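The values are calculated or read from the model by the stated rules, or taken from the named source; none is laboratory data. Keep in mind the model is a prediction, meaning the values are calculated, not measured. Using ideal geometry, Cβ is built from the backbone for each residue, glycine included, and neighbour counts are taken over all protein chains shown. For accessibility, only protein heavy atoms count, side chains too; no ligands or nucleic acids. Shrake-Rupley method; radii C 1.70, N 1.55, O 1.52, S 1.80 Å.
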Amino acid sequence: MAFRIIARLDRRMSEGKRGSARWRYGALSVVVIAFLAGAAAWLLFPGEADPHDYLREPDDVVYGDGSLATVLAHYGVSLPDQATDVRFHDEESLIGSEGTLFLHFEVSDAGLTSLLQTLNVGPLTPGLPVSWGASGEGQRFGWSFPGTSWRGAQGPAEGTVTASVAVARAGGVNSVYVIAEHV
């Protein structure tokens, strides 16, 4: 009789241990699933867009957190202190290059000189940089280059980033358009 009572108690205790282990594994599974769902949501929906960013497609790949500061650092571009009306778009690629930066802002002559030195581009010459006129670069952001008053420059082909700059001057302010690309 005592043996039966001990056997029943032992069976109940082992069932309790298994039930407890099941509960722990179940709780751990819920935590892992919640973590994976959160990580997927963070990757697919990176949060609130930077207010300087042009509207992007929901499936666009962004560099880092997609903020202006992060993207500019990725391309080695520094905005002049007086830059206003800043807009940018970072077009990353999972295959091939490390992306292309489309950047627009307005700045004074001193700020423009600083930018051109930072980007290591040549002197501004009349016209648009090579291939800008025919390729339609930037049209989806509302960029248009009417007339012949544009001045442009391109950066060196060596290095990791090349840059092309187009500038229009109106009312003492330079409208600056930059395309920087990892090569």
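Residues in the stretch 90-116 that are open to solvent by 70 Å² or more (accessible area, probe 1.4 Å), within 22 Å of Asn174 (Cα to Cα) and either in contact with a strand residue (DSSP E or B) (Cβ under 9 Å, 6 or more places away or on another chain) or at pLDDT below 85 (or both): Asp109 alone.
Within the stretch 117-154, being of a type in the set (Gly, Ala, Ser) and under 22 Å from the mean Cα position of the chain (by Cα) holds for Gly136, Gly138, Gly142. A count restricted to the stretch 107-138 and to residues that are in a helix (DSSP H, G or I), under 23 Å from Ala73 (Cβ atoms) and charged (D, E, K, R) stands at 0. Of all residues in the stretch 117-126, those satisfying the criterion of being modelled with pLDDT under 90 and of a type in the set (A, V, I, L, M) are Leu119, Val121. A Cβ distance below 9 Å, combined with a sequence gap of six or more or placement on separate chains, defines the contacts here; from the stretch 166-183, residues that are over 16 Å from Val121 (Cα atoms) and free of Cβ contacts under 8 Å to residues at least 60 places away in the same chain reach residues that are among the aliphatic types (A, V, I, L, M) and in a strand (DSSP E or B) in the pairs Ala168/Val176.
Within the stretch 121-180, track down each residue that is surrounded by 11 or more Cβ atoms within 10 Å (Cβ to Cβ), among the aliphatic types (A, V, I, L, M) and more than 23 Å from Ser108 (Cβ to Cβ). Within the stretch 121-180, Val130, Val161 qualify.
In this structure, is Ala73 out of contact with any strand residue (DSSP E or B) (no Cβ under 7 Å at 6 or more places or on another chain), open to solvent by 40 Å² or more (accessible area, probe 1.4 Å) and at pLDDT 75 or above? For Ala73, the condition - out of contact with any strand residue (DSSP E or B) (no Cβ under 7 Å at 6 or more places or on another chain), open to solvent by 40 Å² or more (accessible area, probe 1.4 Å) and at pLDDT 75 or above - is met.
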